[in-house]
Every structure is written in structure tokens, then in C-alpha cells.
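Please read the structure below before turning to the comments.
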């Protein structure tokens with residue numbers, strides 16, 4: 001998703017910039033910085049997202065400069081894996097199952113941030129902790145569609161041909177979530193892949209980042225796309241045609257599952273002390289109370305009760321939606337096989 005930089009461009013490392021520009025264990029090690037690799041969604045279109053506020057407040061409070069690198073969850077995890085021998089990032093933030101994969105690959109070191117005891121979503125081995133709760137969802141254009149499609153089957157209608165798109169499983173966290181939800185709603189791998197093969201007739205094609213799809217839906221270039229509640233709710237403040245919905249299995253209730261932003265301290269991070277301070281700050285009272293009003297998401301800490309208008313809107317949105325819990329151990333273990341099967345079924 002295009003973002004207005006929070007920091008001056010000289011302090012911002014983008015994916016297109018060579019790795020040496022981020023400093024890593026060389027120039028950056030001499031500066032008071034912390035480098036964050038993160039899935040998109042928490043940084044605002046116009047410098048008004050949760051990350052924008054949190055990073056700015058963190059810099060003022062600590063004097064530590066934040067360098068930010070953004071991409072799909074799988075993309076960020078894979079980049080950290082490639083750099084394992086010479087880590088460039090201090091903090092990694094991704095959606096499941098990529099945060100679990102990062103832990104399995106030894107990319108994260110154990111660290112329990114302050115207030116982590118008030119968070120339920122965290123690794124048993126202490127390598128990652130949820131910082132923003134979230135749920136998987138879809139978006140539709142409210143101007144062109146009077147109501148969202150009720151079921152998965154509705155998406156096979158010819159009116160969605162070349163006006164439907166979902167991000168790529170295995171690359172984007174929300175794209176992987178499409179596959180996970182289909183596996184659940186259709187009752188297994190075979191029926192899920194049979195359906196997604198049919199859906200391919202309407203699908204525009206691959207997308208590495210989910211955040212780029214919502215603006216296309218708002219403009220009417222697409223009618224429906226995948227997303228997640230936090231990111232899309234935040235986007236809807238400046239995208240009036242954006243509506244959030246949850247496809248239902250035939251004859252059933254709309255379903256979704258938790259898709260939190262989880263953060264961990266990178267193994268042998270060049271600025272481990274600063275990484276710990278940032279993780280502590282992400283779970284601070286101040287940062288967590290800003291999650292719904294500024295970020296459009298759900299506080300990770302169970303002791304934080306949001307009472308703002310956005311929190312009320314989010315609670316209303318989730319009414320009547322069945323929330324299931326994926327078998328993350330199975331998904332983390334077999335993700336490559338599931339993705340390969342999806343590629344074979346869809347010809348992607």
C-alpha cells in the first residue's frame with residue numbers, strides 16, 4: 001500500500017533500496033535506531049495510522065529513530081530469513097502463520113515485552129507476542145453493490161469477472177488467509193481447491209500486497225477483494241465506498257478467524273536493546289489505547305477496554321459472525337504443500 005513516510009526519506013529504508021542502505025551491522029550500528037520489518041496495514045495512507053503515531057511518540061520519548069520496511073507478511077519473513085547470517089532488522093511484525101514460521105526458522109529470540117502477561121496471543125516459547133488483534137475479512141464497493149455477496153458461491157457470478165482479486169497465498173498474510181478460510185468453510189483441502197479453481201475465472205490475478213487492493217475497490221476498479229478488519233476499517237475513513245464483509249459457506253453463517261499482528265525480536269538483531277524498548281512501547285497503555293481510535297483494530301491487551309466510536313463500530317461489525325480457530329500448527333507445518341496445491345489448482 002502506498003504510504004506517506006512518517007520519517008524523512010533519509011531515515012526510511014524502502015524495499016526497493018539495496019540492503020546496505022539500511023546499515024545493518026555497519027553504519028546503522030553507530031546510530032541510535034531500531035529497524036522494523038512489518039506487514040502492511042498499520043501505517044496510514046496520510047501519516048495518520050497507528051504506526052505513524054506510535055513511532056512518532058516513541059521517538060520523542062526515547063530519542064531512538066525508527067527505520068521502517070513494509071511488505072507482505074511472507075515477504076518480510078522471507079527477507080529476514082535471507083538475512084539470517086547478517087540480520088538487518090531488529091523487530092519483525094507479521095500475520096500468522098508467518099510469525100510462527102519465523103520462530104521455527106530461528107529468526108526470533110525469546111523476549112517477553114512489558115505487559116505481555118496481559119496478552120493471550122503469544123508464542124509458548126516466548127519468541128513473539130500479539131501487538132494488535134485483528135480478523136480476516138473481505139471488502140466490497142458499497143456504491144456499486146447494494147449489499148455484499150452473502151456466500152462464496154455468489155462470487156462465481158459473471159458480474160465479478162475481472163473485478164475480483166485476492167492477494168497471493170504464501171506471499172501475503174491476508175492472501176494466505178483466503179486459503180485458510182476456504183479450507184475451513186468448504187470442509188477440507190479438496191473441496192476448497194475445487195472452488196478456488198472455479199473462482200479463478202473471475203480473479204484478476206496475483207497481488208503481492210493486500211493493502212493495494214482496497215483503493216481499487218473504493219474506486220470501482222474492483223467490486224470485491226480480500227483484506228482484514230483492522231486495515232480496511234482504517235482505510236474506510238478516507239475511502240467512502242469501502243465496505244467490510246465475511247463470506248459464508250453455503251447454508252451457514254459468515255465466518256472469520258483471528259489474524260493478529262504479532263511481533264518478535266530478531267535473533268542477533270543489530271540493535272537488540274532498542275528492539276526491546278520498541279516492543280515494550282507497542283504494548284504500553286498509551287499505544288494500546290490508540291489501537292481502535294487511530295489504527296482501526298483491536299487492542300492486544302485484555303485489560304484495555306476501548307470505548308471510542310471506532311471500537312463500537314468494530315463490535316457491531318463482528319456481530320453474528322462465527323469465529324473459528326485454525327490449526328496453526330498444521331498450517332505452519334504444511335503451508336508450503338497447501339500453497340503448492342493452490343498453485344496447481346489455479347494455474348498461478
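Just a few scattered comments:
- Selected from 272, 209, 336 as most flexible by GNM, with the chain as the system and alpha-carbon contacts under 10 Å: 336
- Across the range 124-282, the mean sequence separation of Cα contacts (distance under 8 Å, 6 or more residues apart), normalised by length, yields a relative contact order of 40 percent.
- The tail of the calculated P(r) for the chain beyond 28 Å holds 39 percent of all Cα-Cα pairs.
- Global form of the range 206-269, assessed from the alpha-carbon gyration tensor, a/c cut-off 1.5: oblate
- Candidates 31, 53, 276: whichever shows maximal mean-square fluctuation once the chain is modelled as a Gaussian network with Cα springs under 10 Å: 31
- Per residue convex hull volume, Cα atoms of the range 36-156, in Å³: 169 Å³
- One quarter of the convex hull surface built on the alpha carbon atoms of the range 154-311 amounts to 11.7 nm², the projected area averaged over directions.
- Per residue of the chain, the DSSP helices (runs of n ≥ 4 H) give a summed -39500 (n - 2.57) that works out to -10000 deg cm²/dmol at 222 nm.
- Label point distance in nm, residue 143-residue 273, each placed 7 Å from Cα along Cα→Cβ: 5.3 nm
- For the range 156-225, the square roots a ≥ b ≥ c of the C-alpha gyration tensor eigenvalues yield an a/c of 1.5 or more together with a/b not exceeding b/c, which makes the shape oblate.
- Against the chain, whose longest principal axis is taken from its Cα atoms, helix 328-346 shows a tilt of about 50°.
- The range 42-113 - Debye-derived log10 I(q)/I(0), Cα point model, q = 0.11 Å⁻¹: -0.32
- For the range 246-348, the square roots of the Cα gyration tensor eigenvalues, ordered a ≥ b ≥ c, give a/c of at least 1.5 with a/b no greater than b/c, which places it in the oblate category.
- Taking the C-alpha atoms only, the angle from helix 50-62 to the longest principal axis of the chain is near 10 degrees.
- Label point distance in nm, residue 62-residue 313, each placed 7 Å from Cα along Cα→Cβ: 3.0 nm
- Two-site label geometry, residue 302 and residue 110: point separation in nm, points 7 Å out along Cα→Cβ: 2.2 nm
- When 147, 333 are sorted by how many other C-beta atoms sit within 10 angstrom of their C-beta, beginning with the fewest, the order is 147, 333.
- Sites residue 286 and residue 124 - FRET efficiency at Förster radius 22 Å, r taken between beta-carbons, to 0.05: 0.20
- Inter-centroid distance (Cα atoms) of the range 241-260 relative to the range 309-348, Å: 10 Å
- Size estimate for the range 75-228 follows the Kirkwood approach: the inverse of mean 1/r over distinct Cα pairs works out to 17.3 Å.
- Highest-MSF residue in the chain out of 248, 309, 102 [GNM, Cα springs under 10 Å]: 309
- Cα-based Rg and Dmax for the range 92-173, where Dmax is the largest Cα-Cα distance (Å): 18.4, 52
Any read-out appearing in this document is the output of simple, stated calculations on the displayed coordinates, not a laboratory observation. Owing to the predicted nature of the structure, the values given are computational and were not obtained by experimental measurement. We place every Cβ from the backbone using ideal geometry, glycine too, and count neighbours over all the protein chains shown.
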